[in-house]
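Coordinate-derived values only; no laboratory data. Since this is a predicted model, take the numbers as computed values, not measurements. All Cβ positions, glycine included, derive from the backbone under ideal geometry; neighbour counts span all protein chains shown.
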Amino acid sequence: MAKRPKRHQLKEAGAVQAPVDDAVFGVDEDDEIDLAFDAEDPLLEEFIRDMSLQTCDYCASPVQWIEPEELIETYPAEVDDVLFDLDLDVGDILMSWVCTECPNFSIIGEDFESQYLDIQGDVPCLECEATTQAIDPAQASHLDREGYLKAKREFGAQAVLDGYAQRCPGCGNVDYYPAGV
C-alpha cells in the first residue's frame, strides 16, 4: 500500500495552494498534518464544528476523536469484531472516536460509519435478563457503593474507573467491567 505524501512533499510538488493553520486542527507544530485544506474554507469550518458536536448515540456523552491506530491499540478485539461484521479491513478506517463515558466507539470510512455497540446488540442483566444501560463507573459507584468497593478491591480503582459499568433499570443491578481485564 502506497504511503500518502507528507505536507512538505505536497508543497514541493505545488499541490498545496493555501497554508494550513495548525491551530485549526489542534495539533502541535511538530506534528505532521496529512490534510491539505484551506483553513478559511467554509466546508472545513462546518466539518470541524460538526465533529466537535458529535456525541455518543448510546449515552449522549461527548466523544474524543482519536487516530484509528490508537483505537486499534486500545480496543484490538472489539475493532476486529466490527471489521469482521462489516467485512472491512483496517486500512478502510479513516477516522475514529471513543465515548468518554461508555465502552462505545465508532469507526468511519469513505462510505460507512459503524459504532461498536451497534453490533453488540442488547446487553442482558446478569440477574434478571432485562436490557441494561452502559454507564460511567463513577456514576455507578453512587448507585451501588458496595459493588463498586468490591470491584475496586479486586481490580484496583484505576482499572474500575477506566472501564465501564452496566446498570439494569429493572432490578437495579450494576455490573462493573474494569479496563484491561
For region 133-177, diffusion coefficient by Stokes-Einstein and Kirkwood Rh (Cα), 25 °C, 0.890 mPa s, µm²/s: 244
Share of alpha-carbon pairs per 10 Å distance bin for region 52-155, given as whole %: 13, 40, 32, 13, 1
Dipole in debye (nearest 20) - region 133-177, about Cα centre, beta carbon charges: Lys, Arg +1; Asp, Glu -1: 100
Normalised contact order of region 133-177, rounded percent, pairs of Cα under 8 Å and 6 or more residues apart: 45
Net lengthening on full extension, residue 179/residue 157 (0.36 nm per residue, minus Cα-Cα): 6.9 nm
Where labels lie 7 Å past Cα in the beta-carbon direction, separation of residue 84 and residue 49 in nm: 4.2
Residue 67-residue 145 pseudo-label distance in nm [points 7 Å out on the Cα-to-Cβ vector]: 4.4
